[in-house]
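In what follows, a single structure is set out as structure tokens and then discussed.
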């Protein structure tokens with residue numbers, strides 16, 4: 001099973017991003033993300049044997065929580081950089097709470113022999129993937145002309161364990177368990 005831990009993005013934020021993508025999608029022929037799959041990943045676990053699922057579910061109850069997280073969706077960017085992008089994303093601002101959740105989840109998963117994260121945590125929402133060279137200038141121009149790159153804020157009260165299933169039409173995500181951010 002291909003698993004990850006993350007936070008849901010509420011409908012209001014997804015709707016704001018849907019309006020953005022309606023404007024931007026005609027500007028570039030890249031692989032645009034399905035907004036129904038939008039989430040903030042805190043830890044990618046990778047392939048986990050189905051027999052170990054309950055162990056992972058139980059372990060995630062031990063992630064220390066510091067209360068609900070206020071999260072703002074703002075800003076747009078490119079990974080690894082705007083000159084040779086592979087991913088177009090919306091930024092996530094959540095101060096230290098989200099980074100702490102990601103760090104604590106990572107440390108707990110290491111105890112389950114799941115590889116630790118090697119890169120610094122950079123929360124984001126993947127809006128598109130760029131698989132091959134394409135002219136992004138019309139897209140970049142449209143982004144530069146946007147009146148705002150703030151898409152709303154919300155309070156997260158839970159994090160979730162998801163399964164990712166690859167399909168010809170793209171990935172589909174299934175929520176397997178939920179965990180409160182405050183006890």
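Coordinate-derived values only; no laboratory data. Here the structure is a predicted model, which is why all the values come from computation and not from measurement. Backbone-built Cβ (ideal geometry, glycine too); neighbour counts: all protein chains shown.
Some points to look at:
- For a label point 7 Å along the Cα-to-beta-carbon line of residue 19, residues of the range 125-166 with backbone N under 14 Å: 146-153
- Once the Cα atoms are used to define both axes, helix 11-24 deviates from the longest principal axis of the chain by about 30 degrees.
- Computed per residue of the chain from DSSP H runs no shorter than four, each worth -39500 (n - 2.57), the mean residue ellipticity at 222 nm is -7500 deg cm²/dmol.
- Here the contact order of the range 1-68, divided by its residue count and restricted to Cα pairs under 8 Å and six or more residues apart, works out to 53 percent.
- Taking the range 86-141 and dividing mean pair separation by its residue count, relative contact order in percent (alpha carbons under 8 Å, at least six apart): 57
- Rounded to whole Å, sorted largest first: equivalent-ellipsoid semi-axes of the range 2-178, Cα gyration tensor: 29, 18, 15
- Whole-number percent relative contact order across the range 1-157, with pairs defined as alpha carbons under 8 Å at least 6 apart: 35
- Nearest-ten-degree value, helix 95-110 long axis tilted from longest Cα axis of the chain: 50
- Part-to-part distance (alpha-carbon centres) for the range 128-183 and the range 3-34, which is given in Å: 6
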